[in-house]
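Read the structure below first, then the notes.
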Amino acid sequence: MAWSFDQTAINAEAAADGWYALLTTLPADITAAQVLIRYKGQEVVERRYSAFKGPLAVAPMFLKTNRRIAALITVICLALLVFCLIERAVRAAIAPDTTMAGLTPGQKTKPTGRLIFQALAGLRLIPATGGQPGIIPQPGPVQTRLLDLLAVDPTQPP
């Protein structure tokens, strides 16, 4: 048995290292660099899929019709949209900072939807009764900060 390297083939492969072949429906006036940046940005979408499968996951259930399956997927996608919009609103409100204190003990962290909802999970709402409006009693400092960032007035619940 004998073998050898084909140096011409090795050189041709090495010359193409780092090249991407991308097929796109983007307008023709977009540069190759812009196409590559959009392609590389797909990891953000993949992170959202992990959120879809993670904190918004529902218990397994048996659905009898395609209509119910579609309805469940629609509700989960709407929940994911709210999850993402809240994360985006908080990040935009703290800009140019990218981290926030109080979401994890003893350190500043990037606000994620999961951390924001964990911080807000302890909020209580006393429902409206007898003509009195509903109230959110004394949110903590981190909760107050998040509500301010999200432009939610705890004295005026919906």
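The values are calculated or read from the model by the stated rules, or taken from the named source; none is laboratory data. Bear in mind that the values here come from a model prediction, so they are computed numbers and not experimental data. So basically every Cβ, Gly included, is an ideal-geometry build from the backbone, and we count neighbours across all protein chains shown.
Taken over region 25-58, the criterion of being assigned to a loop (DSSP other than H, G, I, E, B) and modelled with pLDDT under 85 is satisfied by Gly41, Gly54, Pro55, Leu56, Ala57, Val58. Listed by first and then second residue, the pairs with beta-carbon distance under 6 Å, at least 6 apart or on different chains, first residue in region 1-22 and at pLDDT below 85, second of a type in the set (Ser, Thr, Tyr), are Leu22/Tyr39. Residue-level analysis places Ile116 among those that are surrounded by 12 or more Cβ atoms within 10 Å (Cβ to Cβ), aliphatic (A, V, I, L, M) and touching an Asp or Glu at 6+ places or on another chain (Cβ under 7 Å). Restricting the first member to region 133-155 and to residues that are over 16 Å from Gly102 (Cβ atoms) and in a loop (DSSP other than H, G, I, E, B), and the second to residues that are small (Gly, Ala, Ser) and at pLDDT 80 or above, the beta-carbon pairs closer than 6 Å and six or more apart or on different chains are Gly134/Ala128.
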